[in-house]
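Peer 1: I am attaching a structure below and will ask some questions about it afterwards.
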Amino acid sequence: MRILVYRADSAIDLWAGDLRAALPQADIVTWREGEAPGHCDYAVLWAPTPAVLEALSEVKAIFLMGAGADAILKHRDALPSAPIVRVGDAGMGIQMAEYVTHAVLRYYRRFEDYEKQARRGIWQSLPLPPKEDFTVGVLGAGALGSRVLAALAPFGFPLRAWSRTPKRIDGVECFNGRAELDAFLRGTRVLVCMLPLTPDTANLLDRANLSKLPQGAYLINVARGAHVAEPDLLTLIRSGHIAGATLDVFRHEPLPAPHPFWEEPRITMTPHISGTTVRGESIIQIVGKIDALERGETVADVVDRNRGY
């Protein structure tokens, strides 16, 4: 069995080394631009170029090093016919639950206001909003979104979720489809974006949709930067309609130095760390799925190319 490993950064050698340790019987090869990889049975990739994909016409399956498929599906014309298999949770769910819970509680308990007071030498308690009015809505109720909702449940916030297709989640008010998006947004005080990036969800959080959130709402984005129309968000924050945003993802990463987000104190930014891939757990998933395919079995987490995830 021959497996090709590709990613454009130095982590390629770490992934290849871990795969060799997990599959000592396999020939693990790394591929760099300009090389001829030869025949491979499987490929393990992250953010491949069209040149990489065009060299994989004979592979049985392509495995991604993360949960998102947008970086490969944007090269649709170069994709081989083999199934594309993404990583499931693999340790990312708990990280995202920690991140989102921290951000929600920071807004609800007004820690940002207390930080400002402390810098001015002010000792004063501040009133909290009624918890029943502090509804948290999660856009995207897949495995990761459901994990975040479960983490928030013990705090007693009203919870709601929006998904493309109908879902039922205990203790969560569920909405689905474009017809119910407006109602979902209008009743959401803290909007958490956890959607996959597809042509349908790109720029979904533009001025029109963000304006449907109630006055003084908050945005938390741990999905993809392209979901947010950045100038629109900035306008709504400066107008006061959006009280603040916690952003972990951006259209261009690293965020360029002259970007106006750097100068806006109501935007909290982190460098795409809300749910980093746990390599060890991902390798276990990938190896298990390769073994299953070799036995002629089906595997989970196969990307639906039409849906984009």
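Coordinate-derived values only; no laboratory data. Quantities reported herein were computed from a predicted structural model and do not represent experimental measurements. Cβ atoms come from the backbone with ideal geometry, glycine included; neighbour counts cover every protein chain shown.
Peer 1: Could you give the angle, 0 to 90 degrees to the nearest 10, between helix 92-108's Cα long axis and the longest principal axis of the Cα atoms of the chain?
Peer 2: 10
Peer 1: Nearest 10 degrees is fine. How inclined is helix 143-152 to the longest principal axis of the chain, computing both from alpha carbons?
Peer 2: Here the helix axis deviates by roughly 30 degrees.
Peer 1: Suppose only helical runs count, i.e. DSSP H with n ≥ 4. What mean residue ellipticity at 222 nm does that imply for the chain under -39500 (n - 2.57) per run, divided by all residues and rounded to the nearest 500 deg cm²/dmol? Show your work: numbers first, answer last.
Peer 2: Values: 10 runs with 92 residues, N = 309.
Here the helix-only value at 222 nm equals -8500 deg cm²/dmol.
Peer 1: Further question: What do you get for the angle between helix 230-239 and the principal long axis of the chain? Use alpha-carbon atoms, 0 to 90 degrees, nearest ten.
Peer 2: 10
Peer 1: At 0.692 mPa s and 37 °C, plugging the Kirkwood radius over alpha-carbon pairs of segment 241-297 into Stokes-Einstein gives what diffusion coefficient in µm²/s? Write out the running numbers ahead of the final one.
Peer 2: Values: Rh = 14.7 Å.
Estimated via Stokes-Einstein, D reaches 224 µm²/s.
Peer 1: Pull up the cross-link candidates among the aspartates and glutamates for LYS116, meaning alpha carbon to alpha carbon under 17 Å and not fewer than 8 places away within one chain.
Peer 2: GLU263, GLU264
Peer 1: Same structure, new question: Among SER163, SER125, SER57, which one shows the highest mean-square fluctuation when the chain is modelled as a Gaussian network with alpha-carbon springs under 10 Å?
Peer 2: Of SER163, SER125, SER57, the Gaussian network model singles out SER125 as fluctuating most.
Peer 1: Charges only on Cβ, +1 for Lys and Arg, -1 for Asp and Glu: so what's the dipole of segment 92-269 about the Cα centre, in debye to the nearest 20?
Peer 2: Values: 21 positive and 18 negative charges, 47 e Å.
Magnitude of the dipole: close to 220 debye.
Peer 1: Over its Cα atoms, what ratio of radius of gyration to 2.2 N^0.38 Å does the chain give?
Peer 2: Values: Rg = 21.3 Å, N = 309, 2.2 N^0.38 = 19.4 Å.
Here the answer is 1.10, to two decimals.
Peer 1: Just want the answer: with Cβ charges of +1 for Lys and Arg and -1 for Asp and Glu, which residue in GLY240, ALA153, THR165 is farthest toward the dipole's positive end in the chain?
Peer 2: GLY240
Peer 1: Which one, GLN25, GLN215, GLN285, has the greatest fluctuation when you compute a Gaussian network model over the chain with C-alpha springs under 10 angstrom?
Peer 2: Ranking GLN25, GLN215, GLN285 by mean-square fluctuation puts GLN25 first.
Peer 1: Continuing with this model, one more query. How many nm separate the modelled label positions at HIS259 and THR165, each set 7 Å beyond the Cα in the direction of the Cβ?
Peer 2: Output for this residue pair reads 3.3 nm.
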